[in-house]
1. Would you tally the residues in the range 25-78 being closer than 21 Å to Asn372 by Cβ and charged (D, E, K, R)?
2. Against the conditions (1) out of contact with any Ser or Thr (no Cβ under 9 Å at 6 or more places or on another chain); (2) part of a loop (DSSP other than H, G, I, E, B); (3) within 11 Å of the ligand (Cβ to nearest atom), where does Tyr436 fall short? Just the number, please.
3. Search the range 356-402 for residues being in a loop (DSSP other than H, G, I, E, B) and acidic (Asp, Glu), and hand back the single one that is farthest from Val52 (Cα to Cα).
4. Just for the range 146-183: of the residues that are of a type in the set (D, E, K, R) and either out of contact with any helix residue (DSSP H, G or I) (no Cβ under 7 Å at 6 or more places or on another chain) or at pLDDT 95 or above (or both), which one is surrounded by the most Cβ atoms within 10 Å (Cβ to Cβ)?
5. Filter the range 421-433 for residues that are assigned to a loop (DSSP other than H, G, I, E, B) and within 6 Å of the ligand (Cβ to nearest atom); which is surrounded by the most Cβ atoms within 10 Å (Cβ to Cβ)?
6. Mind checking which pairs have a first residue in the range 81-98 that is free of Cβ contacts under 8 Å to residues at least 24 places away in the same chain and a second that is of a type outside the set (D, E, K, R), Cβ under 8 Å, 6 or more apart or different chains?
7. Give Leu213, Leu134 a once-over and let me know the one that is within 16 Å of the ligand (Cβ to nearest atom), within 26 Å of Thr231 (Cα to Cα) and modelled with pLDDT of 90 or more.
Amino acid sequence: MLSVILAFFVLILATYFLWNSRKRQQRDGEPNIVPYSIPYLGRAINFYKDPVKFLKECEEKYGSVFTLFMGGQYFTFVTDPFVQHIIVKEKKVLRFRNCLPPVLKHAFDYYPTAVDDEMMKLTHHYFQGKPLGLLVKQMNRNIQKWILDGNQGDAGDKWETVGLLSLVQRVMGSASFVSLFGENPKASDTLDVQRQLLNFLTVFPSLLRGLPLSLITRSREYRQDLWKSLTKSKVTKRKEIFPIIDEIVTLHEQNGENKLLPKRLLPVLVASQVNTNPSSFWILYYLLKNSEALAAVKDEMEKVLQERSKNPGNNFVCFTKEEMETMTTLDTESAINESLRLSISGGMLRKAATEYRLEIPDYGQTYTIRENDMVLVWTQVNQMDPEIFEEPEVFKYDRFLNEDGSLKTNFYKDGKLVKYAFQPFGDGSSKCPGRYWAVLELKQLVVNMLLYYDIKLIDSQEIKMDKGRVGLGALNPTKDALMSIRRK
Ligand code: HEM
């Protein structure tokens, strides 16, 4: 028996040494490889524990362009804020879309085709300009409906205790779903889909990180549930669908791909909520924690309200897209930006389609990046850089305001403009097409909650950010924040 155990250990050791001796060696002109000794995982544990701290440590030791092995992949990070634009501008060799096929296959069970390119065009068309005005109107109506229609119980104007996260998931999630996918006359439909989506979002980070489905409990089941809710017959039954969904249905019919419709609609549904729900939590949480910020936002809201009269005979105040946009230059947008700065963890990912030479003329440096390696501009490092944002851990609602009250978009380090100081929506080929809607819906939530409710946080305890979604966008809170809420 002892000899079997011994032989087993010898085999393991031999395999490890073989793997170690065959590890990639840095060639001349390539970025430094951060040493690693764990097969497959590489330095993933250090990275996901605290990416900003770990990347800063790597930068100090290996320079501002270095390669990390994580999860079986090589990622070259470019942490110098004055070099990052070279990566984002380069579109021929460093491609965002090349990163997608394995992710889409693993998380959503399909490979992208020309239909996905068409869908992307539709997304860019419908989430800005005139069509966005329609969506904003729908969204406002739906937020109000979900806020007011007894969703806080039957307490009426009595104080009630509610979890902030569960409230925003219910209100924002349901309002966003109905605004995009329409409303089924059967009232439970929206809540069913929302429950299914929240289930799926618990396994989504593991899917994105490539963990085998068999290791992610119930991932198949959660996905199946949503596919069933997104079939053509289900989708077309819903009323007041945002036209992009109609167009996506038609696109699938024209291409004879009806079967793939639920699979392609799922990423749209996920993208529309996965970042917005936690971002909704954080903006309200920070405002409720910070009385000065709350007063500034309320003041701004009052000004907009004074400028207009309420719709006659209508209980609802409907802020238009234009009115929401007048709030962009003042406190509300600054506060939203600040909460995104603190809660978004991620960067811009690209894959080298061929070998790439990163030339940095200002420093007289050139690096060679191998074909199929990933390149990452981790913008969270800039967001949390004390030389760009003083006291970066602190929520300062007016950080994004210039002295004249206009929105501040330029931030500097060593007196030089940092292009990607704050980039919650990515840039270049991976820029989020839903970014205008996202900011407007966060404003709508804040405005409507403050308009119709008195709210105060019960627990003064700080809520921390959960690391489970590091690198994937908005971080969730580690726990819900209890608040007292009363209809005005
Ligand atoms: C606070 C809210 C949001 C944040 C922070 C956010 C952020 C981002 C980021 C950073 C990306 C690029 C992904 C990457 O580089 O890997 C992205 C992509 C995307 N976002 Fe958003 N997003 C938000 C809300 C929305 C909303 C409301 C929609 C509406 C449908 C949306 C639709 C999309 C889509 C479709 C993509 C994929 C784009 C592509 O494949 O080129 N996002 N988002």
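The values are calculated or read from the model by the stated rules, or taken from the named source; none is laboratory data. Only a predicted model underlies this, so the values are computations on that prediction, with no experimental measurement involved. Note that each Cβ is placed from the backbone with ideal geometry, even for glycine, and that neighbours are counted across all protein chains shown.
1. Residues in the range 25-78 being closer than 21 Å to Asn372 by Cβ and charged (D, E, K, R): 4 in total.
2. The one condition Tyr436 does not meet is (2).
3. Only one residue fits best here, namely Glu371.
4. Glu160
5. Pro424
6. Listed pairs, sorted by first residue: none to list.
7. Sole residue among the options that is within 16 Å of the ligand (Cβ to nearest atom), within 26 Å of Thr231 (Cα to Cα) and modelled with pLDDT of 90 or more: Leu134.
So that you can scan it fast, the table gives a plain yes or no per residue for (1) polar (S, T, N, Q); (2) more than 23 Å from the chain's Cα centre (by Cα); (3) under 23 Å from Val235 (Cα atoms):
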residue: Ile147; (1), (2), (3): no, yes, no
residue: Pro185; (1), (2), (3): no, yes, yes
residue: Leu191; (1), (2), (3): no, no, yes
residue: Asn199; (1), (2), (3): yes, no, yes
residue: Thr202; (1), (2), (3): yes, no, no
residue: Leu215; (1), (2), (3): no, yes, no
